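Contents: one structure, followed by commentary.
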Amino acid sequence: EAQVTQNPRYLITVTGKKLTVTCSQNMNHEYMSWYRQDPGLGLRQIYYSMNVEVTDKGDVPEGYKVSRKEKRNFPLILESPSPNQTSLYFCASSTRGHQPQHFGDGTRLSIL
Amino acid sequence: SQQGEEDPQALSIQEGENATMNCSYKTSINNLQWYRQNSGRGLVHLILIRSNEREKHSGRLRVTLDTSKKSSSLLITASRAADTASYFCATRTDSWGKLQFGAGTQVVVTP
């Protein structure tokens, strides 16, 4: 089954404790992206990757890091999480950047 | 800043009625996409319309695009309770990967 898998689905952690949210897709997509969703703001793009070893900033990259060492994986790293990063996070992928995206089921992060 | 803005923010209709929601955007686009999100779940792609297209259909969905007014509309005909969801427009301003979403329209369809 074609899918984008995020882990964990839920996480409660504390300020400053480094965390990684993993994202994996099994569709051989070149393009992957991370979004955060906050009430009233819709989805905002954090980072995207056009292909392996090619990443670029979205609209809200501050406080996040990503890497794209393999085509299928695109982890999101919060080196020193802060409470304003409490949000619902989505990973998505597509064949090319301009094509429709397939979304994962989301990761709800709470940073205390 | 957000590129797209949906209107209305919320819409409540009865089954069988049509639902129309609009999306306005600020800068020139390469394409515009509509997505649906069921409560707390990932988004599902509905329709993509390119900047040189004016109208597209998919089942009970009809999307129009007016680039002169920088606006798009999504029409759901003969709505069903299962159409209850939030609907988002997303615009791509170039082919290099940025996709910008609006805040969404929350649609509730009552039996």
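The values are calculated or read from the model by the stated rules, or taken from the named source; none is laboratory data. As the structure is a computational prediction, the values presented were derived from the model and not from experiment. Cβ coordinates were reconstructed from backbone atoms using ideal geometry, including for glycine residues, and neighbour counts include every protein chain displayed.
The table below lists the values:
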read-out: Residue within region B:38-45 that is within 13 Å of another protein chain (Cβ to nearest Cβ), buried (at least 20 other Cβ atoms within 10 Å of the Cβ) and assigned to a strand (DSSP E or B) present; value: yes
read-out: Qualifying residue in region B:97-106 (condition: surrounded by 16 or more Cβ atoms within 10 Å (Cβ to Cβ) and farther than 28 Å from A:P61 by Cα); value: no
read-out: A:S110 out of contact with any Gly (no Cβ under 7 Å at 6 or more places or on another chain), closer than 14 Å to A:L19 by Cα and assigned to a strand (DSSP E or B); value: yes
read-out: All positions within region B:74-88 that are surrounded by fewer than 18 Cβ atoms within 10 Å (Cβ to Cβ) and under 26 Å from B:S28 (Cβ atoms); value: B:L75
read-out: Tabulated pairs, region B:72-93, first within 11 Å of chain A (Cβ to nearest Cβ), second exposed (fewer than 14 other Cβ atoms within 10 Å of the Cβ) and at pLDDT below 95, C-beta under 6 angstrom, 6+ apart or interchain; value: B:T93/B:T27
read-out: Members of region A:87-105 that are within 8 Å of chain B (Cβ to nearest Cβ) and assigned to a strand (DSSP E or B); value: A:L88, A:F90, A:A92, A:H102, A:F103
read-out: Any chance A:P61 is modelled with pLDDT of 95 or more and closer than 25 Å to B:L32 by Cβ; value: yes
read-out: Positions within region A:68-108 being within 21 Å of A:A2 (Cβ to Cβ) and polar (S, T, N, Q), in sequence order; value: A:N73, A:S93, A:S94, A:T95, A:Q99, A:Q101, A:T107
read-out: Candidate set from region A:35-77 (those that are part of a loop (DSSP other than H, G, I, E, B) and among the aromatic types (F, W, Y)); member that is nearest to B:G97 (Cα to Cα); value: A:F74
read-out: Tally, over region A:61-75, of residues that are away from chain B (no Cβ under 14 Å) and either touching a Lys or Arg at 6+ places or on another chain (Cβ under 8 Å) or hydroxyl-bearing (S, T, Y) (or both); value: 2
